[in-house]
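Novice: Please find one structure pasted underneath; my questions will follow.
The values are calculated or read from the model by the stated rules, or taken from the named source; none is laboratory data. The model shown is predicted, which means the values in this text are computed figures rather than measured ones. Virtual Cβ from ideal backbone geometry, glycine too; neighbours counted across all protein chains shown. The protein model used for the area step is the full one, side chains on, heavy atoms only, and it has no ligands, DNA or RNA in it. Shrake-Rupley method; radii C 1.70, N 1.55, O 1.52, S 1.80 Å.
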Amino acid sequence: MAFAKKTLFLLLTSLAITHITLAGDPDILTDFVLPPNSPPVDGNFFTFTGFRYLVSAPIPPKFTAVKATTEQFPALIGQSVSYAVLIYPGGSVNPVHTHPRSAELLFLTQGTLEVGFVDTKNTLYTQTLQPGDVFVFPKGLVHFQYNADTKNPAVAISGFGSANAGTVSLPNSLFNSSIDDSVLALSFKTDVATIQKLKAGLKG
Ligand SMILES: *[C@@H]1O[C@H](CO)[C@@H](O)[C@H](O)[C@H]1NC(C)=O
């Protein structure tokens, strides 16, 4: 009996550890990663100033995501964390999308925000966030944010458990890529004219 209990405990523990190991980016074997042939660095390398301008910037005319991922902030390479500042003018939406490599932890600092995600059983989970609220979008699931207040902006800060969480925008992946119209028409059980209408709306 005791043996069975112990075995079960070990099994569950190792499953949990495996899960933790797989939950973030691959581990690095150094304290941090410098770009190839980089001279020695100081604190500046670990400082990202790309959000500074936001402190006094006016609200942009359309939804804007300002990111601090490995691309903008190379010190994040190997650290399994990143940020995005999300600004929603009144009535704007962050269109349905997924992050293939991380959950998203959204902290609303200003305004109100309608958020939602759909799980793998197609169940929709929604919430209306108030300033100070935190909402988690589970890894890889389709989600959106919408500022339903047409008069006031909303601002949020999102943290990610990946240094490069990636964004798959469903409107763009489906209707602003080169997938053949007939494949899309069959996939959505509609006609090519409807697909072309959807595509036309996304052309930049
Ligand atoms: C559609 O793709 C083009 C070319 O990649 C891009 O310039 C445009 O912004 C995209 N449209 C939207 C709505 O993102």
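Novice: Send over a whole-number figure in Å² for the accessible area per residue of the chain, probe 1.4 Å.
Specialist: Working: 13030 Å² over 204 residues.
Ligands and nucleic acids excluded, the figure is 64 Å² per residue.
Novice: Based on alpha-carbon positions alone, could you give the equivalent ellipsoid semi-axes of the chain from the gyration tensor, as √(5λ), descending, whole Å?
Specialist: On the way: eigenvalues 212, 144, 83 Å².
They are 33, 27, 20 Å, listed from largest to smallest.
Novice: Going by Cα centres, the stretch 130-148 and the stretch 58-105 are how many Å apart?
Specialist: The stretch 130-148 and the stretch 58-105 have Cα centres separated by 12 Å.
Novice: What is the packing order of peptides 68-80, 52-64, taking the mean over residues of other C-beta atoms within 10 Å and listing the highest first? Walk me through the numbers before you get to the answer.
Specialist: Values: 68-80: 17.6, 52-64: 11.0.
Per-residue Cβ counts within 10 Å, averaged per peptide and sorted highest first, yield 68-80, 52-64.
Novice: Would you compute, for the Cα atoms of the stretch 97-176, the largest minus smallest coordinate along each principal axis and list the three values in descending order, in whole Å?
Specialist: 31, 27, 25
Novice: Something else: Arrange the peptides 142-153, 117-128, 187-198 so that the one whose residues have, on average, the most other Cβ atoms within 10 Å appears first.
Specialist: Details: 142-153: 16.8, 117-128: 11.3, 187-198: 12.9.
Answer by packing, highest mean first, reads 142-153, 187-198, 117-128.
Novice: Ignoring ligands, DNA and RNA, please state the percent of accessible area on the stretch 43-166 from carbon and sulfur, probe 1.4 Å.
Specialist: Numbers: 3720 of 6390 Å².
Percent of accessible area from carbon and sulfur atoms in the stretch 43-166: 58.
Novice: Same structure again: Can you flag which of 62/121; 67/139; 62/197; 121/189; 67/203 are past 25 Å Cα-Cα? Present the calculation step by step, with values, prior to reporting the outcome.
Specialist: On the way: 62/121 32 Å; 67/139 18 Å; 62/197 22 Å; 121/189 21 Å; 67/203 23 Å.
Correct reply: 62/121.
Novice: Each residue of the stretch 135-148 in turn: what ³J(HN,Hα) in whole Hz from Karplus with 6.51, -1.76, 1.60 and θ = phi - 60°, glycine and Pro shown as x?
Specialist: For the stretch 135-148, the Karplus curve yields 10, 10, 9, x, 3, x, 8, 5, 8, 8, 9, 9, 8, 6 Hz.
Novice: Related question: Sum -39500 (n - 2.57) across every DSSP H segment of at least 4 residues in the chain, then divide by the residue count to get the 222 nm mean residue ellipticity, nearest 500.
Specialist: Working: 4 runs with 46 residues, N = 204.
Theoretical 222 nm ellipticity from helices: -7000 deg cm²/dmol.
Novice: Still on this structure: Under a point-charge model restricted to the Cβ atoms of Lys and Arg (+1) and Asp and Glu (-1), what is the dipole moment magnitude of the chain relative to its Cα centre, in debye to the nearest 20? Spell out each step's value before the answer.
Specialist: Values: 13 positive and 13 negative charges, 66 e Å.
The dipole of the chain has a size of about 320 debye.
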